[in-house]
Amino acid sequence: MNITINTEQSQYVKTFVEGCSTWGFQNAFDETALLAERLGHPELAPFMADYGTEEVLKKYAKLIKLAAKDPRLGTWFKKGTPDAVKKVIDRLIHTGEKVRVFYGDPKTGKSTLDEFDMIGSLARSTGVLKAPLLLSESDGFGAPLLDDKVIRIIRVSDHKNLYKHPGFHVPEMKIVEGEHHQFKASVVVEGTVAARFRSYAKACKWVAFMAGETVEQPE
């Protein structure tokens, strides 16, 4: 493995035989600092002078070795994830209950209206830093959970809110007819067409789903 520093794009580039991967300067710096804090090793926290240099990677490598021997880390949550969200996620990882997750602005509670692969069960990744995963109901594929962006979690079995941001809300959605000659109804979100449907009823179902009033994803 060879590591190069791309200052123009502000990222580290790791080259393997099979290809390459990248890690942004800011993400590398933040995760190294967070790991040093959680492990109680302030001497390994990166300085601003280290930003964008190989020194960040060296400190991160040392911290990973320490983390591999430390059982206290548990689930690896991103910086800024609310404690209430952490508790719900940790419990769901063990119960395996099917849930619907909503992402949005963690400050305002405004939903980003993510439609697909937001229903499933939670698990943890392998490796030293065991990050939460959302196992999609559709294909069982485990994608990284954006735990710092979670603004609502609904249990599918009884539609109970397991977590809901105090300011949870969705953007204004309007159903209009005649916007497109091939579709009966369209849904306009804050002035932009977000979806089109063959019937007005299907448009209503989509709006209800996106608003969290139902967990049954419309066809």
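Calculate the spin-label point distance for residue 114 paired with residue 72, positioning each point 7 Å from the Cα along the beta-carbon direction, and give it in nanometres.
Those two pseudo-labels are separated by 3.1 nm.
Fewest first, what order do 187, 176 take by the number of other Cβ atoms within 10 Å? Please report the intermediate quantities before stating the final value.
Details: 187 22, 176 12.
By the 10 Å Cβ count, ascending, the order reads 176, 187.
With respect to the cross-link table entries 86/110; 58/79; 78/164; 98/149; 58/149, which display a Cα-Cα separation exceeding 24 Å?
From the list (86/110; 58/79; 78/164; 98/149; 58/149), the Cα-Cα distance tops 24 Å for 58/149.
Only one of the values [x] 21.0, 64; [y] 19.6, 61; [z] 16.7, 51 was calculated from this structure for Rg and Dmax of the Cα atoms in Å; name its label.
[x]
Give the separation of the Cα centroids, the stretch 117-138 to the stretch 148-204, in Å.
24 Å
Taking a cut-off of 13 Å between Cα atoms, list the aspartates and glutamates near residue 202, but don't count ones fewer than 8 places away on the same chain.
Leaving aside aspartates and glutamates fewer than 8 places away in the same chain, those within reach of residue 202 are 177, 216, 219.
What's the local net charge at residue 203, with K and R +1, D and E -1, over the other residues with C-beta under 11 Å away? Mind dumping the intermediate values first?
Details: positive: 174, 184, 196, 198, 202, 205; negative: 177, 179.
So the surrounding residues net to +4.
Bear in mind that the values in this text are calculations on the coordinates, not laboratory data. All values derive from a computational prediction rather than experimental measurement. All Cβ positions, glycine included, derive from the backbone under ideal geometry; neighbour counts span all protein chains shown.
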